[in-house]
Structure formats: C-alpha cells, structure tokens
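Structure first, then comments.
Computed from the coordinates by the stated procedures, all read-outs in this text should not be read as laboratory data. Because the structure is a prediction, the values reported are computed rather than measured. Note: ideal-geometry Cβ built from the backbone for every residue, glycine included; neighbour counts use all protein chains shown.
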C-alpha cells in the first residue's frame, strides 16, 4: 500500500459517502441529530481536495496529514475519532517503516485502539467500534496467517457488514443515541454504517 | 424548508458576522478558525471559554462580555467546534491565570475540547454541564446532557472569575452550580438543520416529545398533546424527582427558575409556562426568588420550551446577581 493507493481510497470513500446520502441521513435522523452525513461529506471533500499533496507524501505522513485535517474540519464526535484513527495508524507505519500487509494490519488495530481510548467506548455500545473492532481483530489474524490481500479484503467486507448489522439490536450506551434507551433498538447506528461503507469501498479497491 | 438563507454553506459565517457587527462594542470575531472574544481583553483573571455547535443562539457568543465569558468557539450547526478553534481562542484571551472551559456534556464537544486541552500551552480545567434530567435510566448513558442550565453556570463562574479567583475556585463553583441545576425540555415541533433541509424528526399535530434534547434528539417519550398545565406539571415533577435522586432537599429552598424557549415558541407562551411552573414549584415549598424567561438556549426553529431550576445558596445568589454586560444578558451595569 502506497500513497497513490491512499489517494485512490479517498476518492472511493467520498463516492460511497455521497452515494449513501439518504440512508445515512435517515439513520441519523432516527437516533441522532441529523448532522452525520453533512459532517462525513465535509470531511471527505476536504481530504479529496488534498489529493495532489497526499500523492507526494510517504504513507505515514499522508495518513497523519489526513488525521490533522479531519480534526480541524469535521468537528462533532466523528472528527476527533476519525482523526485519532488516522494519526494512530500513521504512528505505527512510521515506527515499522515498511508497507507490508502485517504492518497495515497492526496500524489499523492501533488506529482502532486510539478511537477506543478517545471515545472511552468498546464493542457492544452501538457505535462505529462494533464494526472496527471485529475488522481489526480479523485483519491482524489473517495477516499473521499470510492470507492474500484479496482474501483479506473479501473477509473484512463481510465482517464489517455483520458488525454494522449487529448495532441494530443494541441499546446505545455511548454517543448521541445514548439518551434513547430502548428506543434505539431496531435502528442501525449511523457511525457504524459509515465505517462499514468506507471499509467496503477501500476493500473493493484491492484486487 | 423556508428560512432566511443566501447559501446554505454561508449561514454560519454570515450569522457570526452579523452578530459581531451588531455587538461591535462588546465582541470581536475571528474567522478561520472561528472564535469570538471580548472586544477588550481582560487581564489577570481566569479566562472562561465555552463553545459548542451553532444553532443554540444566543448560547454561547451572546454571553461573551464582562461578568461572563471571555471567548466562545462556534461549531457548525449542532456540531462541536474543533480543537484548532479552541487553541486559537485560548491564545487570544489567556490572561495569566489559566483557562476554564465550560462544555456541555456531549461526546463530540468533550473529545474536541479534551484534545485541545492536551495540546494547550496553558494550565486549564473543565466544567462539564449536565443539567438535563430527561434521560430516565442513566445506566444506559455516557452521562446527562448539558442544556439551558449552562447559562447559569457561565453566569456564576464568569462573575467569580472577575474577582480574580483562581482556576480551581472557578471550577469548583461551576461544578457546584451544575450539580444544583436540573432541566427538562419539551418539543412541539422538530427543528430543521439548514444543511439537511428537512425536519430532524417527524411529530404530528397532536403529539409532543417529552425530554427532548437541544438538537432535536428524542427524549423520554412521545406523548399526546394536552393542556399547558398538565405538560408543565410533568416537567416540574421530573425536576423534583431529579433533585430527590441527587439527595438535594428542595422544600424551603430558594431557587432560580429559567423558562427557556427553544426557538419558535413566543414569549407569550413562555410566560404562561412560567406562571404554571412557578405556582407548582411553590406548592412544593420552593421559593422562586430569581427568574429568567426568554430564548437563552435554543434549538434552531423548534417550538418548545425547557424548564431549569437552580437551587440557590448565598454564593450562587451573589454571583447570579452581580453585574454582567453581554449581548444576551445585561444587568447591574
């Protein structure tokens, strides 16, 4: 994975967010406050505008730059969480100094861990972590078994989807939906949905 | 959606610019990153900074001025501001005694301010407001939401800061006021986020949302519309139960009653609500000796109201009564 892949991924992420406008908006209107899609769209747009610059940077520098930009652009809860993810990921790639699948797997896990710490949340709380934690676990396990990028991406897409669907039956204990108690049951978490969409879009780029 | 808008993307900046222009004797506006400060920088005091998503006007910029805030960081509509705004605001208003952030308890606001505080080159402390008692079972939540009671916290802490009190004293008072304040909101209609273009939730002509948050997030339950006294009765009851749960005895206590409009409820109705609420609280032995009625913490164009009761003691009373000169709150000077 190099910086040109990162650039391609930013376009794919923007496309999937834009294509799912009505779905993301209706999920957020049901159990949130209606700003999730707007914030994700604004974040994706800002990153796509940085593509020329990103292409010239080493992967860790590019990911860190994406994190910093998201931090000052998105706001809300998604801003610091997604920013923490990219900055946490960049740190590991910089430390390991290579671009192997195993490095990306541990970088992804580190990114998810920073989200966990920043959000003081864990799996089962009806958040994006219900998608990210299972994906990180599986990514790390498959990389350790030397699975091919294609096998990994196929499996991760499935895991992300299961994680996203699992939020439907959960009571939210973190995030804006936490005030709803049992009324949140039956609704997929919008943050889990957008994470699943982004993972799917990036996995689709891997042959 | 029918709103006074030129371009949806310009709503925030045009509104901030108008605010700064209208109150140019009191405030200065900085754009990119967006923050508003007092016109005259204060010296040798704890700098009080608040902020949060826009759409709650006059919260928070309307409370910048002598006796209240030093700066405010407005985010996009209903979206927390970002750490770069808070850092720039802190840099601008820091007055040698540290920074106190007053933050409404929402995950996004907490995280963004937390990240700013981690990078901040000055000493800082945070008061998290969490006066909303709407959420019945707090075991399901990350904590209660900060709503209109935030105004009372900002007023009292702002007053104490003017005396030259240190950071810890300001935080202690803020936490105390928050602890002694309880609020609950009711919505009759939804609000419409300009960029979304349609109402955040559906609510029919004969329904109300009891316990609504200031972003239109759902509350305790959807109920059938009924007469004002019956609605207010339930709100008062919720607040009294909250104080009972907090082990704060209410009989024979002096209190401040804030009847807040959520944006599209006329003052005529707010006073009608005040009339009912004041009577009900006094029936429970609470002496309402301070009051505030109007639009102080809004939710865009939502029709609805919130009741906030703050149990007074001598210290809180003194800081509530002290002079203040901000765009949305002015007395004694």
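A few notes on this one:
- Residue B:4-residue A:52 FRET efficiency (beta carbon distance; Förster radius 60 Å; 0.05 resolution): 0.95
- Mean ellipticity per residue at 222 nm, deg cm²/dmol - from DSSP H runs of n ≥ 4 across the protein assembly as shown, formula -39500 (n - 2.57): -15000 deg cm²/dmol
- Tail weight of P(r) past 19 Å, computed on alpha-carbon pairs of the stretch B:11-179, percent: 50
- For the stretch B:11-179, averaging the sequence separation of C-alpha pairs within contact (under 8 Å, six or more residues apart) and dividing by the residue count gives a relative contact order of 22 percent.
- For the stretch A:1-18 and the stretch B:238-267, distance of Cα centres in Å: 50
- Rounded, prolate or oblate (a/c below 1.5 giving rounded, otherwise prolate when a/b exceeds b/c) for the stretch B:216-333 by Cα gyration tensor: oblate
- Taking the centroid of alpha carbons for each part, the stretch B:107-176 and the stretch A:151-207 are 31 Å apart.
- Inter-centroid distance (Cα atoms) of the stretch B:1-56 relative to the stretch B:283-333, Å: 22
- Fewest-first sequence of B:3, A:168, B:45 by Cβ atoms within 10 Å of each Cβ: B:3, A:168, B:45
- Extent along the principal axes, Cα only, for the protein assembly as shown: 72, 52, 46 Å, with the longest axis given first.
- q = 0.19, 0.26, 0.30 Å⁻¹: log10 I(q)/I(0) that the Debye formula gives for the stretch A:160-207, counting C-alpha atoms only: -0.59, -0.89, -1.06
- Residues A:127, B:265, sorted so that the one with the fewest Cβ neighbours within 10 Å comes first: B:265, A:127
- Least to most buried among A:61, A:112 (fewest other Cβ within 10 Å first): A:61, A:112
- Using alpha-carbon coordinates, inclination of helix A:3-19 to the longest axis of chain A, degrees: 20
- Average partner coverage of B:207-218, which counts Cβ from other chains inside 10 Å: 3
- Under a Gaussian network description of chain A, with springs only between Cα atoms under 10 Å, the residue in A:162, A:45, A:117 that fluctuates furthest is A:117.
- Compactness relative to 2.2 N^0.38 Å, alpha carbon Rg of chain B: 0.94
- Compared with the dominant Cα axis of chain A, that is its longest principal axis, helix A:149-166 is turned about 10°.
- Gain in span if fully extended, residue B:331 to residue B:123, counting 0.36 nm per residue against the direct Cα distance: 71.8 nm
- Take every Cα pair under 8 Å whose residues are at least 6 apart in sequence, average their separation, divide by the length of the stretch A:3-203, and the relative contact order is 23 percent.
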